[in-house]
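Let me begin by presenting the structure, written as structure tokens, before commenting on it.
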Amino acid sequence: MDTSSYLSRRERVILAHLALPVTLNQIAMSLFVSRNTVKTQCRSIYRKLEVNDRDSAVRVGRERGLLADDPIEDDEELEVVQQRDHTSTL
């Protein structure tokens with residue numbers, strides 16, 4: 001059974017962030033949750049996608065259509081994450 005279809009909405013959001021060149025801390029700050037929450041969600045994503053690391057999760061996510069292949073969307077999302085990260089340190 002394809003368990004990737006059971007990724008929750010939040011897990012899909014985390015997976016999209018994993019495709020960006022940002023740290024787990026930056027992801028957590030941009031989503032207003034703790035780093036441990038993000039780590040827990042990552043473990044759940046890895047288990048459901050049957051992978052062991054971030055790069056594999058992103059690759060499988062793209063293969064299964066869970067992530068956009070368009071780097072422009074990723075660049076726009078990265079800018080939002082970096083802006084949130086910058087404002088939270090002020």
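Distance in nm between label sites at D53 and Y6, each 7 Å beyond Cα in the beta-carbon direction?
2.6 nm
Any idea how far apart A68 and S34 come out in nm if each label point goes 7 Å out from Cα toward Cβ?
Rounded to a tenth, the inter-label distance reads 3.2 nm.
Coordinate-derived values only; no laboratory data. Quick caveat, the model's predicted, so the values are computed rather than measured. Every residue, glycine as well, gets a Cβ built from its backbone with ideal geometry; the counts of neighbours run over all protein chains shown.
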